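Quick notes on the structure that follows.
The values are calculated or read from the model by the stated rules, or taken from the named source; none is laboratory data. From a predicted model like this one, the values you see are computed outputs, not experimental measurements. Cβ placement follows ideal geometry from the backbone for every residue including glycine, while neighbour counts extend to all protein chains displayed. We work out accessible area using only protein heavy atoms, side chains counted, and drop any ligands, DNA or RNA first. Shrake-Rupley method; radii C 1.70, N 1.55, O 1.52, S 1.80 Å.
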Amino acid sequence: MVKLNEEHEAVITLDSAKEIDKKKLKTFLSVDNDAFLKCEFEKGKGFTLYYMYGDRVPLRKLLCAPMGRGQVLSFLRSLTWAFITARDNDLDPGRIMLGVNSLFWDREKENVSCVYLPVKPDMTVAKPLRIFLKELLVNIVYDDDDTMTYLGNIIRYINKHHDLDPESFLGFLSAQEKDEDAMNIPDISVPEETAPEAAPEADAWERETPEKDMALPEDGEKEDEAKDEAEDILAGLSLDKLEAQAEAEEDMRMPILEELPQSEAVESLKEEMLSEDMVSGGTKKHVLPSENKPAKTAMLIRRSTQEQFPVDKEEIRIGKAPGMAEICIEDNPAVSRIHALIDEINGDHYITDNHSTNHTYVNGSLLPDGESRKLSDGDRIVLGNEELIFKLLADPM
């Protein structure tokens, strides 16, 4: 529904001007706040709205690189503030579009700007903020240098608060921005019957936490235990659970993130937290043969169209040059003529950036020119801004 053009505009075209709520449109155009992109519109066969995002980074691109704890918290706080701003300006927060092409990050100001679609109430724009946040958190590539305690706290908070109140959530996020070493991180998942009497000054979410569970692990164990805890919580966000919650809350027409099933997204995230198997182009030939490996068929899935491309040769070239690239993506100018190569060596697959103009990323990490990286099932490959998913399917016996 939202398309990005070369003028750095997010464009939405409706079938008719009758779909627009004129009162909300007038109110929206009068709001001067960085939480929302400035908008212009034109009438023709349909009704087209143009949102100018300028130098801001679309969420789709932001998700291609690792994000540190500070940036994750700033993004979540700023997005939550947009919902409060909408309500304070007599705008329906349910008209804030939540998607990879409709949220934009200002690197300089460190804030989110949103696309607001002032359509009539009977039109569905996005799922609830709570469901979007869950899907977002399992698609972020996290900085390996950060502890994951804050992430575990956020996920538990969202799971516990079915009716997510933006103001309360904003206060919770602000508390997470404090130095983890200088504060006791609450475990909000502790049963209420074990909680002691709260101090008068404590916040609501602190009052529900026993002191014995608020203590951080010993210094030497803190990072490993926090990461294990966060991984366990993320693993619990299965596709079945998310779908069941989404159906129970509301039957929505539009997807939030154009993504793989949540179970696969979680696995990709867990793999990103582990050390990556980096291999230089000069050492690929020295990879030891793998013994007793089950036969598998490799393929690439193009996220934007769901096209499937077999990776069935010793070398596969990916690019936009017909006749030269075995996997040809002609309709994306961000892809180079021969952008990257995938080699099969002893049953394993390695991707190499072919000195491309717009670079190659694997699970959000930049692949240096000429270097190779071993691929695993579910890996996310981004060529410029074109995303592909590497899949390994077991061959039938």
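When 92, 106, 88, 144 are checked against the criterion of being open to solvent by 20 Å² or more (accessible area, probe 1.4 Å) and free of Cβ contacts under 8 Å to residues at least 24 places away in the same chain, a single residue qualifies: 88. State whether one or more residues within region 123-140 are part of a loop (DSSP other than H, G, I, E, B), surrounded by fewer than 18 Cβ atoms within 10 Å (Cβ to Cβ) and at pLDDT below 85. So far as region 123-140 goes, yes, one or more of its residues are part of a loop (DSSP other than H, G, I, E, B), surrounded by fewer than 18 Cβ atoms within 10 Å (Cβ to Cβ) and at pLDDT below 85.
Taking the criterion of being within 19 Å of residue 122 (Cα to Cα) and touching a strand residue (DSSP E or B) at 6+ places or on another chain (Cβ under 8 Å), the residues of region 26-47 that qualify are 28, 46, 47. Within region 298-332, the set of residues being assigned to a loop (DSSP other than H, G, I, E, B) and either touching an Asp or Glu at 6+ places or on another chain (Cβ under 8 Å) or of a type in the set (Lys, Arg) (or both) comprises 303, 304, 313, 314, 320, 322, 329, 332. Just need a number here: residues in region 101-140 that are polar (S, T, N, Q), touching a Lys or Arg at 6+ places or on another chain (Cβ under 8 Å) and under 21 Å from residue 58 (Cβ atoms). Residues that pass the stated criteria total 2.
The residues of region 5-21 that are open to solvent by 40 Å² or more (accessible area, probe 1.4 Å) and closer than 17 Å to residue 97 by Cα, listed by number, are 13, 19.
Within the option set 372, 356, 365, being buried (at least 21 other Cβ atoms within 10 Å of the Cβ) and among the polar types (S, T, N, Q) holds for one residue only, 372. Residues that are farther than 23 Å from residue 94 by Cβ, surrounded by fewer than 16 Cβ atoms within 10 Å (Cβ to Cβ), among the acidic types (Asp, Glu) and modelled with pLDDT of 50 or more within region 153-191 comprise just one, 177.
For region 22-51, which residues satisfy the criterion of being modelled with pLDDT of 90 or more, more than 16 Å from residue 85 (Cα to Cα) and open to solvent by less than 60 Å² (accessible area, probe 1.4 Å)? 39, 48, 49, 50, 51, listed by residue number.
Evaluating residue 341 against the criteria (1) of a type outside the set (Val, Ile, Thr); (2) buried (at least 21 other Cβ atoms within 10 Å of the Cβ); (3) part of a strand (DSSP E or B); (4) without any contact (Cβ under 8 Å) to a residue 40 or more places away in the chain leaves one unmet condition, (2). In the set (1) of a type outside the set (S, T, N, Q); (2) under 26 Å from residue 177 (Cβ atoms); (3) without any contact (Cβ under 8 Å) to a residue 12 or more places away in the chain, the condition left unmet by residue 36 is number (3). Residue 98 passes every criterion in (1) surrounded by fewer than 20 Cβ atoms within 10 Å (Cβ to Cβ); (2) part of a loop (DSSP other than H, G, I, E, B); (3) in contact with a Lys or Arg (Cβ under 9 Å, 6 or more places away or on another chain) apart from (1).
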